[in-house]
Amino acid sequence: MKIIRTLYDMTQYRVQQRDRGASVGFVPTMGALHEGHMSLVEQAVRENAVTVVSVFVNPIQFNNKEDYEKYPRTEEEDFKKLAAAGVDAVFAPTAEELYPEEGNNCKEYELGEVASVMEGKYRPGHFQGVAKVLDLLFRLIDPRRAYFGEKDFQQIAVVRNLLKSEGLHVEIVACPIKRASDGLALSSRNTRLTKEQRDVAPEIYQTLKYSVEYSKDHSVQATHDTVVEHLDAIPGMKVEYFEIVDARTLQPIDEWDESNWIVGCITVYCGDVRLIDNIAYRLPNKVDHAD
Ligand code: AMP
């Protein structure tokens, strides 16, 4: 596996792959890799002649400096896992390498309505930072397909809008959420949970699952409230937002029959660790994030 640190070397590598006609699958990550990331990587390796993974903790998508500084970094182990999975190249630049012209990053991306709710509302600037890094990476790596996890459900919709507004052609592959055996969605941030927090964190998914049953004979509002009340009652837990939305527009719904694809998206603080998850209440026969 090739480890690439510079823009120049990444360009060279991409040109070599193009010359030999290899189509590239790309998995963008911030490292501290777990089985959730690896499920994306394994799918990319299966489906593409060449797989490139980026490992880059993107400073401009963090609206909280402490969250950025405390974000786990485990580069050596990450590279071992990627090599073992059959990845061809890992791109792991420094922030100075990727953003040489600091202070000059003022382009506003057109990301549409899907970017202004939920994560967009609670993490100002987050999606602009995500858009900036992906715009750079997509142009540099020029992948045929890029793999994203449904754990960051909203991100997938935002990335699709980015591709449209920037006129980029990349097939987005959405991959299901990987969970620990107790239901907790795998996340790099889980390593920051204390033992006590880790013990209660699965309540997030358990509560979401219970709420799907509850929703069968309760209103959207009652279902929303039962989730928030249950989780807020757990010591050390605080729901930042829970929104039941149309999965395509990400706008809140009032009635269950408003859409055939409905998801509940949640963010919970477990102490100072911010965890996100989501669950489907209605699913169309064929899920297509591009609808
Ligand atoms: P991150 O390193 O957190 O930016 O995540 C990189 C990619 O891995 C994103 O597309 C995430 O949605 C995806 N991912 C993270 N955790 C999981 C998980 N538990 N299951 C599936 N995909 C995940």
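The values are calculated or read from the model by the stated rules, or taken from the named source; none is laboratory data. In this text the structure is predicted, and so the values were computed from the model without any measurement. Methodologically, a virtual Cβ is constructed for each residue, glycine included, from the backbone with ideal geometry; neighbour enumeration extends over all protein chains shown. Note: areas computed on protein heavy atoms with side chains; ligands, DNA, RNA excluded. Shrake-Rupley method; radii C 1.70, N 1.55, O 1.52, S 1.80 Å.
Take each peptide in 238-249, 144-155, count the other Cβ atoms within 10 Å of every residue, and average; sorted highest first, the result is 144-155, 238-249. Its Cα centre serving as origin, the chain has a Cβ charge dipole (Lys and Arg +1, Asp and Glu -1) of approximately 960 debye. Normalising the Debye intensity of the range 1-146 to I(0), with uniform scatterers on Cα atoms only, and taking log10 at q = 0.11 Å⁻¹ returns -0.43.
For the range 9-111, with all protein chains in place and a probe radius of 1.4 Å, 46% of the accessible heavy-atom surface sits on carbon or sulfur. The stretch between Lys286 and Glu101, if pulled fully straight at 0.36 nm per residue, gains 62.2 nm over its current Cα-Cα span. Accessible area per residue for the range 1-101, computed on protein heavy atoms with a 1.4 Å probe, is 49 Å². Evaluate the distance, in nm, between pseudo-label points positioned 7 Å from the Cα of Glu76 and of Val228 along their respective Cα→Cβ axes. Roughly 4.6 nm, to one decimal. Once the Kirkwood radius over Cα pairs is known for the range 66-204, the Stokes-Einstein relation at 4 °C and 1.567 mPa s delivers a diffusion coefficient of 75 µm²/s. Neighbours of His224, meaning other residues whose beta-carbon lies under 11 angstrom from its beta-carbon, give a summed charge of -4 when Lys and Arg score +1 and Asp and Glu score -1.
Straight-line cross-link partners of Lys164 among the lysines, defined as a Cα under 21 Å from its Cα and at least 8 positions apart when in the same chain: Lys107, Lys132. For the set Lys107, Lys65, solvent exposure ranked by accessible area (probe 1.4 Å, protein chains only) runs largest to smallest as Lys65, Lys107. Site pair Glu35 and Arg144 shows an inter-label distance of 3.0 nm when each label is modelled 7 Å from Cα along Cα→Cβ. Using a Förster distance of 30 Å, how high is the FRET efficiency between Tyr68 and Tyr214, based on the Cβ-Cβ distance and rounded to 0.05? That pair, Tyr68 with Tyr214, gives E of 0.25.
A 1.4 Å probe, protein heavy atoms only, puts the accessible area of Val55 near 20 Å².
For the chain, the alpha-carbon coordinates run over 59, 41, 39 Å along the three principal axes, in decreasing order.
In the range 247-284, whose amide N lies under 18 Å from the spot 7 Å out along Cα-to-Cβ of Ile172? List them in ranges. Once the point is set 7 Å along Cα→Cβ of Ile172, 247-252, 261-266, 277-280, 284 turn out to lie under 18 Å by backbone N, inside the range 247-284. What the range 195-291 shows is 49 Å² of accessible area per residue, with the surface traced by a 1.4 Å probe over protein heavy atoms.
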